[in-house]
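Enquirer: Quick one: the structure is below, and I'll ask about it shortly.
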Amino acid sequence: MSMLDLDKFRATPLQHDPYDFLCVPGFVKRECLEELHRDYPKVDRPGSIPLGVFPQGPSFDRMIDELKGPEVCKAFSDKFGLDLSPYPTMFTARGMCRPTDGKIHPDSASKIITVLIYMNPPWEAAGGRLRILRSQNLEDYAAEVPPEEGTLMCFRRSDTSWHGHYPFEGQRRAIQMNWVKGSVYIWHEQWRHRVGAWAKGVFGGQSKGY
């Protein structure tokens, strides 16, 4: 059984203001959420962590396998109007957020499409809500996305795909998937995130965050 509601994704219109993006609450099927919470990587520090650094369970592995599959690739290719099949994918997970996270940024130029899947209870905090920005001003936003369980947010990366959020401290789970321009970038980023995870655990630090 699929864990992802691709029909809902296909039916959600792509937004173009201020850049190509869409948000799909309920992208992860509700009946799968309990087991995914149980099997989510046990990330106990801030930052983007490559999969496999912390323990994760079988249902989480199954969802990642589905996200890597051809049906998901085709759905995203059709939605954004470009063939993503030649490009590799990269995955990281977040578990904890610090007040220094959420800095405004457009994503690196090696990323093509950014996909975020949130895995948190109903979100009551004012901070930690991702904003799709028209400029480098958190109040100049086109949409605000609470990071609630099962919600997907994705966008086409550009030099002006600004996004960020107000500070939040505590548990804030997010799976990030990117189609990227080459496997060398994946190797570099996985290495950088592994070193960064170690450094944050030992010395502290800050990150941009999603």
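The values are calculated or read from the model by the stated rules, or taken from the named source; none is laboratory data. These numbers come from a predicted model, not from an experiment. Here the Cβ is made from the backbone with ideal geometry for all residues, glycine too, and neighbour counts use every protein chain on show. Side chains included, ligands, DNA and RNA excluded: accessible areas come from the protein's heavy atoms. Shrake-Rupley method; radii C 1.70, N 1.55, O 1.52, S 1.80 Å.
Enquirer: Which of the residues that make up segment 156-170 are in contact with a Leu (Cβ under 8 Å, 6 or more places away or on another chain) and open to solvent by less than 40 Å² (accessible area, probe 1.4 Å)? Break it down stepwise before answering.
Expert: First, the residues of segment 156-170 that are in contact with a Leu (Cβ under 8 Å, 6 or more places away or on another chain): 162-166.
Hits for segment 156-170 are HIS163, GLY164, HIS165.
Enquirer: One residue is enough: does segment 154-177 have a residue meeting the conditions in contact with a Cys (Cβ under 8 Å, 6 or more places away or on another chain) and of a type in the set (D, E, K, R)?
Expert: Scanning segment 154-177, I find at least one residue that is in contact with a Cys (Cβ under 8 Å, 6 or more places away or on another chain) and of a type in the set (D, E, K, R), so the answer is yes.
Enquirer: Considering only residues that are touching a strand residue (DSSP E or B) at 6+ places or on another chain (Cβ under 7 Å) and under 13 Å from LYS111 (Cα atoms), which ones fall in segment 152-172? Reasoning before the result, please.
Expert: First pass over segment 152-172, keeping only residues touching a strand residue (DSSP E or B) at 6+ places or on another chain (Cβ under 7 Å): 152-157, 161-165, 168-172.
Result: CYS154, PHE155, ARG156, ARG157, SER161.
Enquirer: Could you run through segment 103-139 and say how many residues are among the polar types (S, T, N, Q), surrounded by fewer than 19 Cβ atoms within 10 Å (Cβ to Cβ) and either touching a helix residue (DSSP H, G or I) at 6+ places or on another chain (Cβ under 9 Å) or closer than 15 Å to GLN176 by Cβ (or both)? So that I can check it myself, show each step before the final result.
Expert: Initial filter on segment 103-139 (among the polar types (S, T, N, Q)): 108, 110, 114, 120, 135-137.
This time we only want the ones that are surrounded by fewer than 19 Cβ atoms within 10 Å (Cβ to Cβ), so: 108, 110, 135-137.
Cutting the leftovers down to either touching a helix residue (DSSP H, G or I) at 6+ places or on another chain (Cβ under 9 Å) or closer than 15 Å to GLN176 by Cβ (or both) gives us 108, 110.
Residues flagged as among the polar types (S, T, N, Q), surrounded by fewer than 19 Cβ atoms within 10 Å (Cβ to Cβ) and either touching a helix residue (DSSP H, G or I) at 6+ places or on another chain (Cβ under 9 Å) or closer than 15 Å to GLN176 by Cβ (or both) within segment 103-139 amount to 2.
Enquirer: Which ranges mark the helices (runs of 4 or more DSSP H) fully within segment 1-102 that have 3 or more residues being modelled with pLDDT of 95 or more, open to solvent by 60 Å² or more (accessible area, probe 1.4 Å) and not hydroxyl-bearing (Ser, Thr, Tyr)? Please lay out each step first, then the result.
Expert: Details: elements: 6-11, 33-39, 58-67, 70-80.
Output list reads 6-11, 58-67, 70-80.
Enquirer: Restricting segment 108-155 to residues that are of a type in the set (S, T, N, Q) and modelled with pLDDT of 95 or more, which is nearest to ASP5 (Cα to Cα)? Let's see the steps before the verdict.
Expert: We begin by selecting, within segment 108-155, every residue of a type in the set (S, T, N, Q); these are 108, 110, 114, 120, 135-137, 151.
Still in the list and also modelled with pLDDT of 95 or more: 114, 120, 135-137, 151.
Details: THR114: 18, ASN120: 18, SER135: 32, GLN136: 33, ASN137: 33, THR151: 11 Å.
Within segment 108-155, the match that is nearest to ASP5 (Cα to Cα) is THR151.
Enquirer: Might you let me know whether segment 9-29 holds any residue that is in contact (Cβ under 8 Å) with a residue 12 or more places away in the chain and among the hydroxyl-bearing types (Ser, Thr, Tyr)?
Expert: First, pick out the residues of segment 9-29 that are in contact (Cβ under 8 Å) with a residue 12 or more places away in the chain: 9-10, 12, 14-15, 17-29.
Imposing the further condition that a residue be among the hydroxyl-bearing types (Ser, Thr, Tyr) reduces the set to 12, 19.
Yes: segment 9-29 contains one or more residues that are in contact (Cβ under 8 Å) with a residue 12 or more places away in the chain and among the hydroxyl-bearing types (Ser, Thr, Tyr).
Enquirer: Looking at LYS200, LYS181, LYS208, which one is modelled with pLDDT under 95, closer than 28 Å to GLY26 by Cα and open to solvent by 30 Å² or more (accessible area, probe 1.4 Å)? Spell out the reasoning first.
Expert: On the way: LYS200 fails: closer than 28 Å to GLY26 by Cα; LYS181 fails: closer than 28 Å to GLY26 by Cα.
After ruling out the rest, the residue left standing is LYS208.
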